[in-house]
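See structure below.
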Amino acid sequence: MLSSGGSRCNLTTTLDAKKTAAHFGAARNFITPALLELTPQQVRSHFESLGVATKVEPEFEKVFPASDSALQVRNALERDAKEAGARFRLNSEVTGIEPHEGGWIAHTPSGNVRCRFLLVCVGGKSFPRTGTTGDGYVWLRDLGLKVADPVPALVPLSSPAPWVHELAGTTVDGELKIGKHRRRRPVLFTHKGLSGPGPMDLSEQVTRGGAREARLDLLPEISWERVRNRLIEAAGRAGSPRLASCLPLSRRLVAAVAQNAGCLDPNPRANQIDKASRHRIVDELKGLRIPISGSLGFAKAEVTAGGLRLKELDRRTMRVYRAPGLYAFGEILDLTGPIGGFNFQAAFATAELAARGVAAEVA
């Protein structure tokens, strides 16, 4: 939590439960009961009740603490848990779990912990320096449960192309396509490849599917024909402006487009561009080809895709069907949303169902 959102902690989204569920793709039916039980609006209200004022970044429907402090969020949750009677046992690594006499045992170097109900919410493998090294997957597999192989998700992508690295720091609000999937969200060029919401939302297509090329529409609001016509009109004007003056893009980005289109001049005059070159330039503007070599891995991934198969759980309680007394929720599940507070919201909502499920069993 402290490292999320650039230490600002994107708590949830402003979208309602059903619109939020739609962002989880094939898992939307599974997550819907949780999101209806604890909606994004209720999460925001709960944090307000804990003294964490919130604010919205409307262009992306993101909700942040007004203080921009993830530490405030963490402290509020910890304080709330302690006031409710929770006890924390820190620096006590769990090395394994097993069912025992109608309940469960969690093994630790300092002794075993016995319980009637065991709630597994240990996260995935992302940011391993925080302790999330994927231990939970091993525990669940050892119980005979089905686990989808974990891969990095919401992670920056790497590119072998020098021209991509030279654009480091350039951001464009384009439409990115990787495989069959598209995202209209900002794309940031870095000294290693691509980052920002667009590439990170689509990164699972690379980490799981092995896609090795991205296509970036630099002018998603303008059709191919209109871009071509704009260049033709510029070629007929007195003085004939240079390519960069004809486009609402940075000079560095225009130079990359010209280079990929095979132009020797990185910023030619419009009347110096022949028909074939103009065609190639427009093709690149509407689908800049960016080679992808992989991702920056779990060390830079915001979440982990994969995890406990959703068919192993009751979606209304988070109870594991084949393991009485065992509940699982949060990132340990095969459930991943895009950037924008969706994964925190899913964790909060599935936790709510698990807590209610245990309470019902106790009663």
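Any read-out appearing in this document is the output of simple, stated calculations on the displayed coordinates, not a laboratory observation. These numbers come from a predicted model, not from an experiment. All Cβ positions, even for glycine, are placed from backbone atoms using ideal geometry, and neighbour counts span all protein chains on display.
Using Cα springs under 10 Å in a Gaussian network model of the chain, which residue among V172, V155, V206 shows the largest mean-square fluctuation?
V172
For a label point 7 angstrom out from the Cα of D16 toward its Cβ, which stretches of region 56-97 have the backbone nitrogen within less than 19 Å?
Residues passing the 19 Å test: 61-63.
Working from Cα positions, state the angle (0 to 90°, nearest 10) between the long axis of helix 224-235 and the longest principal axis of the chain.
Between helix and principal axis, roughly 30 degrees.
Chymotrypsin sites (Phe, Trp or Tyr not before Pro) within region 1-90: which are DSSP loop residues with at most 12 other Cβ atoms inside 10 Å?
Loop-located and lightly packed - F88.
Evaluate the charge dipole of region 160-211 about its Cα centre and quote only its size in Debye, nearest 20, assuming +1 on the Cβ of each Lys and Arg and -1 on the Cβ of each Asp and Glu.
Here the size comes out at about 220 debye.
Distance between the C-alpha centers of region 13-51 and region 148-214? Whole Å please.
If you average the Cα positions of each part, the centres end up 27 Å apart.
Which option, [x] 20.5; [y] 28.5; [z] 22.7, is the value of Kirkwood radius over Cα pairs in Å that was calculated from these coordinates?
The value computed from this structure is option [z].
Extension gain L143-D265, at 0.36 nm per residue separation less the Cα-Cα distance, in nm?
Difference between extended and current length: 37.6 nm.
Can you pull out the chymotrypsin sites (Phe, Trp or Tyr not before Pro) in region 290-363 that DSSP calls coil and that have at most 12 other Cβ atoms within 10 Å?
Sites meeting the loop and neighbour criteria: Y321.
For R182 paired with F88, estimate the spin-label separation in nm (one decimal), with each label point 7 Å from Cα along the Cα-to-Cβ line.
4.7 nm
If R0 is 35 Å, what FRET efficiency do you get for R251 and S293 from their C-beta distance, rounded to 0.05?
0.85
Near T13, within a Cβ-to-Cβ distance under 10 Å, what is the net charge of the other residues, with Lys and Arg +1 and Asp and Glu -1?
Neighbourhood net charge equals +1.
Could you pull out the pairs from K62/K82; K55/K311; K55/K300; K18/K55; K18/K177; K19/K82 whose alpha carbons sit more than 31 Å apart here?
K55/K311; K19/K82
Which one, G209, G325, G307, has the greatest fluctuation when you compute a Gaussian network model over the chain with C-alpha springs under 10 angstrom?
Fluctuation is largest for G209.
Which percent, to the nearest 5, of DSSP beta bridges fully inside the chain are antiparallel?
90 percent
Counting Lys and Arg as +1 and Asp and Glu as -1, each charge on the Cβ, what is the dipole of region 225-363 about the Cα centre in debye, to the nearest 20?
The dipole of region 225-363 has a size of about 640 debye.
Between I232 and H107, with labels modelled 7 Å along Cα→Cβ, what's the label distance in nm to one decimal, could you check?
7.4 nm
Out of region 277-335, which trypsin sites (Lys or Arg not before Pro) are coil in DSSP terms and have no more than 11 other C-beta atoms within 10 Å?
R322
Among all stretches of the chain without exposed GluC sites (Glu not before Pro) (DSSP loop, at most 14 other Cβ atoms within 10 Å), which one is longest?
The longest uninterrupted stretch comes out as 222-363.
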